[in-house]
Amino acid sequence: MASWNRMKEQIKSWFFWYRTPVMEKQIFNSMLFIIAVYLVAMGVINIFIGQTWLTLISFLTLGPLAFIYYLIRIKNRYQLSLYLFGGLSYPLITINFFLNDGVLGPTSYIFILMNVVLISIAPLKMIPGWTAVNISFFVVLYYLGTYHSSWIPANYTSENYLFIDHVLTYIGSILGITLLLTTLKQYYQFQKSEAEFKRNELALLNRDLNNLNQQKDKIIAIIAHDLRNPLNSILQTLELIDQADSLTAEEMDFIHGELLKNTKRTYRMMENILEWSSFELNRTQNRIRQVDLKSLLQDTLDIMTSIASQKQLTLNVNFNGNPEVNGETDRILLIVRNLIQNAIKFSNKGGTIWCEISSDDRQIIISVEDTGIGIPEQKITNIFQLEIKPTYGTANEKGTGMGLHICYQNALKLGGSIEVRSKEGVGSTFTLRFPAKLTSDQELLNQ
């Protein structure tokens, strides 16, 4: 069974030349195979109807045909093969005409078959030339057969042989044309499926590229959003130092110490953000860490406390225990930074912000509450949807409008959720919940 399948595949490879992208070459290859089979069949038939010379010519023609097949398939000499094929075909048709009783014989079917074959395999500019050759040979031969019939020997010994030869030649010609058209259709289907595959591949590539561009835009927004406030805090401290004349030595020492701490914290935060951004863009692997939340959040909370104090806000942090987390800590930091910065941005001077961290039944809960301006009720429903437009805080701080959407997307990647409660003019509370340990399903989701 296996050897029979291999044989079928081998014959199929002789008939269909999939490796060439040129339709004419593939059809030429198939037609040579079909004509070879046709010649063998007609040779056998001519033996039975007593056409010895036609039998001999049929089998002898297989040699030049094999050479032409070799030229196009192995040597890739398409144009030479075409000229040899056309140049050989019409002299052989002429011989067939004279040996097959001229106009009485079935040569006209072969003329039609040959023209269909040649216009199928010839380049567009050569089609008129080959058609003119076909018509010229047909007109000359049928003129001779009609007006000089004595030049043509009578080879059919009975009307039965004449009938059989007509029927078989017609059937052979029709089968040849049918196989030719089938080959054309198969080639079309093959090219169509190839084009469909490439189109789908291009669509996937475009989708990945669009996703990458969106991811890049988000990461740029995150970097700008998360670094703007800490750097602005450092800038304000430097401006305060610039007024050193009005400050005591003790105050200057305190400011220098705070500036150094804030700069170090901001630098570490920047390193973490840039490293996480590289991982996100390259999609190499998840950055899973096991760490207690106090150690993880300390630098971020210190920076946020400093930023809040510069707006005359109080940031109260309360750890109910010190839960451990085993997951993508960069996403946790990103969400906490964004939530606290939003609370600072939309709170008025003298306000208070509470950040509470706790755990409950294998879940981490981080809530950020403020006494800010709150969110209008009609906006709460779509608060986490992507809406890229400038937003302004109570001190005219400018934002991109992407922060909460990014928080929501990253909460999902942590296997968690974000809830919001807000009342306009009173304040807002954002609550982040996520598993303390990343599950295998989440790892697969984030890869």
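The values are calculated or read from the model by the stated rules, or taken from the named source; none is laboratory data. The structure presented is a predicted model; accordingly, all values stated were derived computationally and were not measured. Every residue, glycine among them, receives a Cβ derived from its backbone with ideal geometry; neighbour counts consider all protein chains shown.
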- Message: Can you report the number of residues in the range 94-135 which are within 48 Å of the chain's Cα centre (by Cα) and among the charged types (D, E, K, R)?
- Response: 1
- Can you pull out the residues in the range 423-438 that are in a strand (DSSP E or B) and surrounded by fewer than 21 Cβ atoms within 10 Å (Cβ to Cβ)? 423, 429, 431, 433, 435, 437
- Query: What number of residues within the range 360-373 satisfy the criterion of being over 42 Å from the mean Cα position of the chain (by Cα) and crowded, with 18+ Cβ neighbours inside 10 Å?
  - Reply: 5
- Provide a single number: the residues in the range 111-157 that are of a type in the set (Val, Ile, Thr) and within 15 Å of residue 87 (Cα to Cα). 7
- Which ones in the range 229-250 are surrounded by fewer than 16 Cβ atoms within 10 Å (Cβ to Cβ), assigned to a helix (DSSP H, G or I) and modelled with pLDDT under 70? 244, 245, 246
- Answer with yes or no whether residue 152 is in contact with a Ser or Thr (Cβ under 7 Å, 6 or more places away or on another chain) and either of a type in the set (Gly, Ala, Ser) or assigned by TED's automatic domain parsing to the domain that holds residue 84 (or both). no
- Query: Looking at residue 25, is it at pLDDT below 60 and either touching a helix residue (DSSP H, G or I) at 6+ places or on another chain (Cβ under 6 Å) or under 30 Å from residue 123 (Cβ atoms) (or both)?
  - Reply: no
- Query: What are the residues in the range 147-176 that are in contact (Cβ under 8 Å) with a residue 24 or more places away in the chain and of a type in the set (Gly, Ala, Ser), if any?
  - Reply: 149, 154, 172, 173, 176
- Note on the structure: Of the residues in the range 118-175, those that are small (Gly, Ala, Ser), closer than 12 Å to residue 105 by Cα and out of contact with any helix residue (DSSP H, G or I) (no Cβ under 8 Å at 6 or more places or on another chain) come to 154
- Residues that are within 19 Å of residue 411 (Cβ to Cβ), outside any loop (DSSP other than H, G, I, E, B) and either free of Cβ contacts under 8 Å to residues at least 12 places away in the same chain or β-branched (Val, Ile, Thr) (or both), drawn from the range 366-378: 366, 368
- Report whether or not residue 210 is in the same structural domain as residue 119 (by TED's automatic domain parsing), farther than 27 Å from residue 121 by Cβ and free of Cβ contacts under 8 Å to residues at least 12 places away in the same chain. no
- Note on the structure: Of (1) at pLDDT below 90; (2) surrounded by 14 or more Cβ atoms within 10 Å (Cβ to Cβ); (3) more than 15 Å from residue 234 (Cβ to Cβ), residue 303 fails just (3)
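Checking the structure you have, find out if any residue of the range 391-398 is modelled with pLDDT of 90 or more and within 17 Å of residue 427 (Cα to Cα).
The answer is no, given that none of the residues of the range 391-398 is modelled with pLDDT of 90 or more and within 17 Å of residue 427 (Cα to Cα).
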